[in-house]
1. Could you tell me whether PRO41 is in a helix (DSSP H, G or I) and surrounded by fewer than 18 Cβ atoms within 10 Å (Cβ to Cβ)?
2. Report whether or not PHE32 is more than 16 Å from GLY192 (Cα to Cα), modelled with pLDDT of 95 or more and assigned to a loop (DSSP other than H, G, I, E, B).
3. Of the conditions (1) on the phi > 0 side of the Ramachandran plot; (2) in contact with a His (Cβ under 7 Å, 6 or more places away or on another chain), PHE100 fails just one. Which one is it?
4. Out of ARG89, ARG47, which single residue is within 19 Å of the chain's Cα centre (by Cα) and surrounded by 14 or more Cβ atoms within 10 Å (Cβ to Cβ)?
5. Open to solvent by less than 70 Å² (accessible area, probe 1.4 Å), of a type in the set (Ser, Thr, Tyr), in contact (Cβ under 8 Å) with a residue 40 or more places away in the chain and more than 25 Å from VAL80 (Cα to Cα): which single residue out of SER195, SER124 fits that description?
6. Could you check region 92-105 and list, in sequence order, the residues that are more than 16 Å from the chain's Cα centre (by Cα), surrounded by 14 or more Cβ atoms within 10 Å (Cβ to Cβ) and within 18 Å of LEU150 (Cβ to Cβ)?
7. Which one is modelled with the lowest pLDDT, of the residues in region 235-262 that are in a helix (DSSP H, G or I), in contact with a Leu (Cβ under 8 Å, 6 or more places away or on another chain) and not β-branched (Val, Ile, Thr)?
Amino acid sequence: MDKLRSLARLGRISYGMSLVAFGFQQFLWGDFVPGRAPAWPATWPGRLPWAWLTGIVFILGGAAIAAGRKVRLAGLTVAVLIAGWALLRNIPLALADHSFGGVWTMLGKGLALTGGAVAVARLSRAWTCVARVCLGAFLAAAGVQHFLFLPFVMTLVPAWIGGARFWTYFAGVALIAGGLGLMVPWTARLAGALSGLMIFLWVVLLHVPRALAAAPGAASRNEWTAVFEALAMSGIAFVLAGGWSEDSSSQAARTRPSPART
């Protein structure tokens, strides 16, 4: 149990650090980053103030989550922002994309990041189950996309590793298995731990090298966002591997004012 708590703590810190990074990216690029929201409507004023204001929220909220302070408030605030501005706005675009392509990936990222914020907020067992479904659905869908878009995914496998086709198939199966495993209560902890480890390895072996090699501009922006998205997904999986700890509910009970004695 102590190892699971340590894993969950590591996941919470990773998720919080990713939010901080998203916040700084919003100052650099003047747009909303988490969940890959659709572009700011051209006819609407206020894009930069919105990006900067929410960037501050992500920096402060992410720092609070990483430090373990005001985690419930920070998690709920982040969940509302990502769900309201990225997840919901991507739904109609995804429904119009019958190829199950990139827009569905963006929708899934918004869903998973929202669920991650709910997971770190540690509201109840029921909400932890919702978070497991959110991340599990995204991972399973991403696994299916590995097979649908095999040639493209193969290009993401580093040349020095080799066997691009095999690793694409392997990762697709692993993502589907991990996603479904997260949604089944008796396999959720194992699936979360293994999925988190797999995605973290991708951060080190795949995403960071691609970000460092990317040319300045839109490509670099996309790759660095992918770094912190993967770090966040890994962190969410680790948090869910820790499950709903009785310590959180007992601690909440201790902090409630005791009824006055008569």
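The values are calculated or read from the model by the stated rules, or taken from the named source; none is laboratory data. From a predicted model like this one, the values you see are computed outputs, not experimental measurements. Glycine gets a Cβ as well: all are built from the backbone with ideal geometry, and neighbour counts include every protein chain shown. Heavy atoms of the whole protein, side chains included, go into the accessibility calculation; ligands, DNA and RNA do not. Shrake-Rupley method; radii C 1.70, N 1.55, O 1.52, S 1.80 Å.
1. Working: in a helix (DSSP H, G or I): no; surrounded by fewer than 18 Cβ atoms within 10 Å (Cβ to Cβ): yes.
For PRO41, the condition - in a helix (DSSP H, G or I) and surrounded by fewer than 18 Cβ atoms within 10 Å (Cβ to Cβ) - is not met.
2. Values: more than 16 Å from GLY192 (Cα to Cα): yes; modelled with pLDDT of 95 or more: yes; assigned to a loop (DSSP other than H, G, I, E, B): yes.
Yes, satisfied.
3. Condition not satisfied by PHE100: (2).
4. Details: ARG47 fails: within 19 Å of the chain's Cα centre (by Cα).
None of the others qualify; the one that does is ARG89.
5. Details: SER124 fails: more than 25 Å from VAL80 (Cα to Cα).
That would be SER195, the only listed residue that is open to solvent by less than 70 Å² (accessible area, probe 1.4 Å), of a type in the set (Ser, Thr, Tyr), in contact (Cβ under 8 Å) with a residue 40 or more places away in the chain and more than 25 Å from VAL80 (Cα to Cα).
6. PHE100, GLY101, GLY102
7. GLY242
Each row is one residue, and each column tells you yes or no for (1) in contact with a Ser or Thr (Cβ under 7 Å, 6 or more places away or on another chain); (2) closer than 27 Å to ALA79 by Cβ.
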{"site": "PHE166", "(1), (2)": "no, no"}
{"site": "LEU175", "(1), (2)": "no, yes"}
{"site": "TRP186", "(1), (2)": "no, yes"}
{"site": "ALA191", "(1), (2)": "no, yes"}
{"site": "TRP202", "(1), (2)": "no, yes"}
{"site": "ALA219", "(1), (2)": "no, no"}
{"site": "LEU231", "(1), (2)": "yes, yes"}
